Amino acid sequence: MAMVVITGGMRAAERGLPLITVYPSEVHKAGPQSFDLTQDPRGILYFGNLQGLLSYDGAWWRLLKLPDDQAALSVASDARGRIALGLVNDFGYLDRGPDGAQEYRSLLPKLPAVQRAFGDVKAICPIASGFLYVAEKSLLFWNGKDARVAAQFPS
């Protein structure tokens, strides 16, 4: 599967389709399937991909591998530039490592052991006080410091 990025806006006087660039998986060197995407305030695109988190800054593609070679099922950004990720039975965010590179930080250890099997994180909603992670069995909340289960869903 190829990534499709619309790279030009249309003015009212223009006719036809906007400029579209297709990026096959051979170009971005990641998996053939992407599940979600977001754009941070700087304009960088993030794709939740079968092989991890794929980012594109307009010139370069980067792939961030996730723990246990998991797929990034959902991704969201907020106005502060934070990037939140949802995986299978895991959720977290991007942080800068000691070398300045982006690293995935799991929030799973902040939950009690009995609440850690919540399934696929299907969506992430940025809100004023943090992020809501919508999983199969739970609604998870992270405020930038603490994480907790906000609600549990019946089977």
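Please work out the FRET efficiency for the pair W60 and R80, using the Cβ-Cβ distance as r and a Förster radius of 22 Å; give the result to the nearest 0.05.
Efficiency for this residue pair is about 0.40.
Compute the normalised compactness of the stretch 78-151: alpha-carbon radius of gyration over 2.2 N^0.38 Å, N being the residue count.
Expressed relative to 2.2 N^0.38 Å, the Cα Rg reads 1.05.
What order do D36, D146, D68, D78 take when sorted by accessible area (1.4 Å probe), most exposed first?
Result, largest first: D68, D146, D36, D78.
What relative contact order, as a whole-number percentage, does the chain give when Cα pairs under 8 Å and 6 or more residues apart are counted?
About 12 percent, as a whole number.
About its Cα centre, what dipole magnitude does the chain give when the only charges are +1 on Lys and Arg Cβ and -1 on Asp and Glu Cβ, stated in debye to the nearest 20?
320
Calculate the translational D of the stretch 70-111 in whole µm² s⁻¹ from Stokes-Einstein, where the hydrodynamic radius comes from the Kirkwood formula applied to all Cα pairs, the temperature is 20 °C and the viscosity 1.002 mPa s.
For the chosen part, D equals 197 µm²/s.
Return the Rg/Rh ratio of the chain with Cα-based radii and a Kirkwood Rh.
Taking Rg over the Kirkwood Rh, I get 1.02.
The values are calculated or read from the model by the stated rules, or taken from the named source; none is laboratory data. Small disclaimer: the values here were computed from a predicted structure and weren't measured. A quick note on method: Cβ atoms are made from the backbone with ideal geometry, for glycine too, and the neighbour counts reach across all protein chains shown. For the accessible areas, the whole protein counts, side chains as well, though only heavy atoms, and no ligand, DNA or RNA atoms are used. Shrake-Rupley method; radii C 1.70, N 1.55, O 1.52, S 1.80 Å.
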